[in-house]
Amino acid sequence: MNHPSLPANHLAWLQTLSLSRAAFSFVWVALAFTVAEGSAPITALLLVVYPAWDALANLVDAKRSGGIAAHPTQALNAAVSAVATAAMGIAVGRGMSSVFLVFGAWAVVAGLLQLGTALRRWRHLGAQWPMALSGAQSALAGAFFMRQAGGASPRLLDLAGYAAVGALYFAVSAGALLHRRHRLRTSLAGG
């Protein structure tokens, strides 16, 4: 049987991670709407950093959650995000249509992997509905971005909306995890 503090500790870690990811995304969105709009180098940097941060977050989460081998969807998500980071480095030199194609493909795959991670964790920890919704929405948005890549003048601000919604999902996830931790503490205290 699992020690009662293990789920609580894991929930606390996931809550911290969710808050960190929300904060990163909110700052990214703020930069996209302010300084990046007038600067091609800052825009390029933001576009490369976004999937790189996702790769790092997935890798650290998998390691803190029991190891990479025990979390194949996160390990694969980290690898996919690392490849997307390299592809984005090339795409930014080719224009926003290429950026949207890379970003869209990455959002589809990363979203489906996030959905898989959320569903797996839901069984053991609960409080994963925001991440499940986020993963599903990411996959849908990615398909839209890939379609939009062939259209007229896609812009960074179009992707900033995606990042803002992601930030909100991470913030809601942190709240759901806090609530789950509170319920777990209450049940342990009463039992």
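Laboratory data are not the source of any read-out in this text; all were calculated from the coordinates shown. Quick caveat, the model's predicted, so the values are computed rather than measured. Neighbour counts run over all protein chains shown; Cβ positions are idealised from the backbone, glycine included.
Which angle from 0 to 90°, rounded to the nearest 10, does the C-alpha axis of helix 40-64 make with the longest principal axis of the chain?
Result, in degrees: 20.
Taking the Cα-to-Cβ direction at Trp129 and at Val60 and moving 7 Å from each Cα, how far apart do the two end points lie in nm?
Inter-label distance under the simple model: 2.8 nm.
Looking at Met146, Gly95, Asn58, which one has the Cα that reaches farthest to the positive end of the dipole of region 5-180 (charges on Cβ: Lys, Arg +1; Asp, Glu -1)?
Selected residue: Asn58.
Would you calculate the separation in nanometres between label points at Asp158 and Ala136, each defined as 7 Å from the Cα along the Cα-to-beta-carbon direction?
Spacing of the two 7 Å Cα→Cβ label points: 2.5 nm.
Using a ≥ b ≥ c from the Cα gyration tensor of region 5-180 (square roots of the eigenvalues), is it rounded, prolate or oblate, where a/c under 1.5 gives rounded and otherwise the larger of a/b and b/c decides, a/b for prolate?
Cα axes put region 5-180 in the prolate bin.
When you take every Cα atom in region 4-69, what is the radius of gyration, and what is Dmax, the widest Cα pair distance, in Å?
Gyration radius and largest Cα-Cα distance of region 4-69: 15.3, 52 Å.
Karplus couplings for region 71-88 from phi (6.51 cos²θ - 1.76 cosθ + 1.60, θ = phi - 60°), rounded to Hz, Gly and Pro as x?
Here the 3J(HN,Hα) series is 9, x, 5, 6, 4, 5, 4, 4, 5, 4, 5, 5, 5, 4, 4, 5, 5, 5 Hz.
Using only the Cα atoms of region 82-183, what semi-axes does the equivalent ellipsoid have when each is the square root of 5 times a gyration tensor eigenvalue? Give whole Å, largest first.
The three semi-axes for region 82-183 are 30, 13, 11 Å.
Can you compute the charge dipole magnitude of the chain about its Cα centre, using +1 on each Lys and Arg Cβ and -1 on each Asp and Glu Cβ, nothing else charged? Give it in debye, rounded to the nearest 20. Mind dumping the intermediate values first?
Details: 13 positive and 4 negative charges, 125 e Å.
Computed about the Cα centre, the dipole is about 600 debye.
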